[in-house]
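Heads up, the thing below is written out as structure tokens.
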Amino acid sequence: MFQNNIRIAWRNLFKNKVTGFINVAGLAIGMAVTLMIGLWLRDELTYDQYHQNYDRLVQVLINQEFNDQIGTSPAMSLPVGPGLRNNFGSDFEEVIMASWNSTHLFAIGDKKLNQRGMYVESAFPEMLTLEMIAGDREQVLRDQNSILLNRSMAEALFGSTDVVGQILKMDTEHDLRISGVFEDLPNNCTLRNASYFIPWAHYVANNEWLQNSTDNWGNHSWQCFAQLTAGADLASVNTRIADMEAQHNTEGKPELFLFPMSKWHLYSRFDEGINVGGRIQYVRLFGIIGVFVLLLACINFMNLSTARSEKRAKEVGVRKTIGSLRSQLIGQFLSESLLVTSLALVISIALVQISLGAFNNLADKAVSIPWSNPIFWSLVLGFALFTGLLAGSYPAFYLSSFDPLKVLKGTFRAGRKARLPRQVLVTLQFTVSVALIIGTIVVFQQIDHARNRPVGYDRESIVSIPVSPELSDKLETFRNETLATGVAEEVAFSNAPVTAVYSNQIGFDWEGKDPNTQPLFSITSCSWEYGKAVGWEVIQGRDFDRELKIDSSAMIINEAAYELIGVEDIVGKTIRQGDIEDGTYVVEDTRTVVGVVKNLIMESPWDPVRPAMFLMEPTWSNYLLVRFRQGQPVQDGIAAVEKIYQTLSPSSPFEFDFVDDKYNQKFRSEERIGHLARIFAILAIFISCLGLFGLSTYVAEQRTKEIGIRKVLGASVSNLWAMQSKSFVVLVLLSCLIAVPIAWYYLDGWLDSYEYRVDLSWTVFVLSAILALAVTLLTVSYQSIRAAMANPVNSLRSE
């Protein structure tokens, strides 16, 4: 029986080639999209699960209140690690202090490489359960002059992973012995960009200022990771450790808490100290899109199968007359559905495999089809079976319900009741499509809104160059020689690139300040020419001046800081910075405000600009900023700068970033989401149009004689086109009316997560509706016009 059902299904599939193609193509595309989204979701939901202790690993975070806002940060003070170990040791198996990911120069012979990595305490590799290629995971960081490399770094430097015992030179001054090599962390790991780990003991031994900070609870410059003991209750531990820092440092009302690794990636956003989600909203969004895209493809199958019901009615009548049971007919129609689904599944897997490279590049992923994973294939086959049953269930039960007497007498008519479900399904299809169109437009509007926001400086033709150890005492020489070439308009130095802030400080005081407030300022130390190099706009006072001795202790503030300080004539006023010692404020530094500049967007373009101070302190410089002359070919300028750099710093590779590129990278996450949403919207519309094309073809066939009679009676082609298109246009208009409020509700909620956001405009909804109508008319017009232009004699001759 099953073989017979499949044989008949094959015949029907090839007999109705247009319907068969639409069904297979629609399902294949829908299943391919769903599979692709499924792989993306799997990658997102398994983030960091590479680590065996994933469910017990945490990072220590702190809530602090500054400028009337509660901020959440992973930046910890040095005493936090020992404090947790000594006071709450029964709750933790390990507590690890760590630096931030930073770049250092490594050399072996003539080969040099800049790589990013971290200083960590010795138990970190074991806590992360790194997969070792060489070396003992528990011992690799016991020697303070050792280093642990990942596979990529070992192969880049040595061409091999058999490197244990080799000596690496770091920053031209430290010799480190390689104690082990670990397998590269997967792409869906938070710490994947760490190419090496160096013992924390080495960090402390070579930084005297660090040795003097062991009891400084106010300096938050490091990270702290931990592993909870088995059975430890996270909420209870959080309650116990919350006020540990507040007992030593009351600034900002600090409150510590543990943030589990399971939330690092998907729930990274905090607002006023409360976790409000994060990337999880995109996971939910794409999960919903995947379900709906597959549903659109299933709707095509249902619609086309039921639309052709009259052509299958006689078959059903004959089968029932000769004894077929309804259950056998249902089995026949479900067999046809499963055959189509099976073909679509094979094609969809091929489409996914072909598209994975482009998809990974677009989504910044490294997903692949797990060919050898039995769980994957079980899910895929179950998914195909579910799709086949979902797509075929309604047609199977509908077609098998026909009365054989009416069918064989010729009195059977599908009627309006049969059309109603198809109309509902078409409306649902275009509701989803229109909502996706609106969502895609709004996402890109939000990106453009932030991208076109005034940034307060000129991003064009500026490069940022990290200062190597060799170059740190030759900055003025570099500047002079670069300006002498004529390629640069200005050269400046700073402690951070223009697109980032590396320091936030408190302890500032000025005349008229409320003693009960403790404001937080972003700090950038720079040279005299910083403003000219970045092209900021001075709105009060003046820029730094190298010729004025007073500027050696000068500062410039941004508009946000000017508003926070609240002193109207701020230029020329003195601002002090210090600390409380034995209940007394001790001044450590005094600076004079010489100017106010427009706000510079140095951090997130989605958030308000924070109060910022620019301090004249050229010796605290880690970056060079070079602005090329207008009209200067950038590549020629880069070549000239590289030559000077290599002359002054021969042991370091020349690396640079365009400031404009670094700024644009701040939009990468939203851009990826927008591009993916656009692709899914296009595919959803395409699938919907496939079904619409099939339905319009069927309707044109059904009304062939009616069209012939109308044409003989004088109806024009335009009249006939309008008659056939009207019903589809009405359904799409209804879809737009349903989609608009749904899209508005969810998009307005999404935009509320951004403090700097675009307003939803009615034009977006109107344009989306017009686009949907245009696509609909293009889809149905071909068949409508073709039927309208046919010779009526041919359609009436059969009577």
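The values are calculated or read from the model by the stated rules, or taken from the named source; none is laboratory data. Just so we're clear, the structure is a prediction, and the values are computed from it rather than from any experiment. All Cβ positions, glycine included, derive from the backbone under ideal geometry; neighbour counts span all protein chains shown. SASA here: full protein model, heavy atoms, side chains in, ligands and nucleic acids out. Shrake-Rupley method; radii C 1.70, N 1.55, O 1.52, S 1.80 Å.
Scan region 635-683 for residues that are over 30 Å from residue 479 (Cβ atoms) and of a type in the set (Val, Ile, Thr) and report the count.
3
I need the full set of residues from region 106-145 which are assigned to a strand (DSSP E or B) and touching a Pro at 6+ places or on another chain (Cβ under 9 Å), in order please.
If the condition is that a residue be assigned to a strand (DSSP E or B) and touching a Pro at 6+ places or on another chain (Cβ under 9 Å), then 112, 113, 114, 119, 120, 132 are the ones that fit.
Filter region 156-170 for residues that are farther than 29 Å from residue 471 by Cβ and more than 36 Å from the chain's Cα centre (by Cα); which is most open to solvent (accessible area, probe 1.4 Å)?
162
Here's a check for you: in region 251-281, which residue that is charged (D, E, K, R) and either part of a strand (DSSP E or B) or under 15 Å from the mean Cα position of the chain (by Cα) (or both) is nearest to residue 63 (Cα to Cα)?
255
Listed residues 555, 602; which is among the hydrophobic types (A, V, I, L, M, F, W, C), part of a strand (DSSP E or B) and touching a residue at least 12 places away in the same chain (Cβ under 8 Å)?
555
Collect the residues in region 601-622 that are open to solvent by less than 30 Å² (accessible area, probe 1.4 Å), closer than 20 Å to residue 657 by Cβ and out of contact with any Ser or Thr (no Cβ under 8 Å at 6 or more places or on another chain), keeping them in residue-number order.
The answer is 601, 605.
When you scan region 538-569, how many residues do you find that are farther than 17 Å from residue 602 by Cβ, open to solvent by less than 10 Å² (accessible area, probe 1.4 Å) and either touching a Leu at 6+ places or on another chain (Cβ under 9 Å) or among the small types (Gly, Ala, Ser) (or both)?
Qualifying residue count, region 538-569: 1.
Here are some residues: 183, 173. Which one is of a type in the set (D, E, K, R), surrounded by fewer than 16 Cβ atoms within 10 Å (Cβ to Cβ) and either modelled with pLDDT of 95 or more or under 26 Å from the mean Cα position of the chain (by Cα) (or both)? Step through it out loud before you land on a result.
Values: 173 fails: either modelled with pLDDT of 95 or more or under 26 Å from the mean Cα position of the chain (by Cα) (or both).
Result of the check over 183, 173: 183.
Across region 497-530, what is the total count of residues that are under 30 Å from residue 253 (Cα atoms), of a type outside the set (Ser, Thr, Tyr) and in contact with a strand residue (DSSP E or B) (Cβ under 6 Å, 6 or more places away or on another chain)?
Selection size over region 497-530: 10.
Identify all residues within region 747-760 that are in contact (Cβ under 8 Å) with a residue 12 or more places away in the chain and either outside any helix (DSSP H, G or I) or not charged (D, E, K, R) (or both); write none if there are none. Quick ask: steps written out before the conclusion?
Pass one, region 747-760, residues in contact (Cβ under 8 Å) with a residue 12 or more places away in the chain: 747-748, 750-751, 753-758, 760.
Across region 747-760, the qualifying residues are 747, 750, 751, 753, 754, 755, 756, 757, 758, 760.
Since residue 651 meets every condition but one in (1) open to solvent by 30 Å² or more (accessible area, probe 1.4 Å); (2) part of a helix (DSSP H, G or I); (3) in contact with a Lys or Arg (Cβ under 9 Å, 6 or more places away or on another chain); (4) hydroxyl-bearing (Ser, Thr, Tyr), which condition does it not meet?
(2)
So which helices (runs of 4 or more DSSP H) stay within region 179-245 end to end and still have 2 or more residues that are free of Cβ contacts under 8 Å to residues at least 24 places away in the same chain and farther than 24 Å from residue 61 by Cβ? Break it down stepwise before answering.
Numbers: elements: 200-205, 208-211, 234-241.
Output list reads 208-211.
Identify all residues within region 48-75 that are in a strand (DSSP E or B), hydrophobic (A, V, I, L, M, F, W, C) and open to solvent by less than 60 Å² (accessible area, probe 1.4 Å); write none if there are none.
Those that are in a strand (DSSP E or B), hydrophobic (A, V, I, L, M, F, W, C) and open to solvent by less than 60 Å² (accessible area, probe 1.4 Å): 57, 58, 60, 61, 62, 66.
Quick one: would you say residue 148 is assigned to a loop (DSSP other than H, G, I, E, B), aliphatic (A, V, I, L, M) and crowded, with 16+ Cβ neighbours inside 10 Å?
Values: assigned to a loop (DSSP other than H, G, I, E, B): no; aliphatic (A, V, I, L, M): yes; crowded, with 16+ Cβ neighbours inside 10 Å: yes.
Criteria not met by residue 148.
Collect the residues in region 673-688 that are open to solvent by less than 70 Å² (accessible area, probe 1.4 Å) and either outside any helix (DSSP H, G or I) or among the charged types (D, E, K, R) (or both), keeping them in residue-number order.
none
Report yes if residue 531 is over 35 Å from the mean Cα position of the chain (by Cα) and either on the phi > 0 side of the Ramachandran plot or open to solvent by less than 10 Å² (accessible area, probe 1.4 Å) (or both), otherwise no.
Judged against the criteria, residue 531 is not a match.
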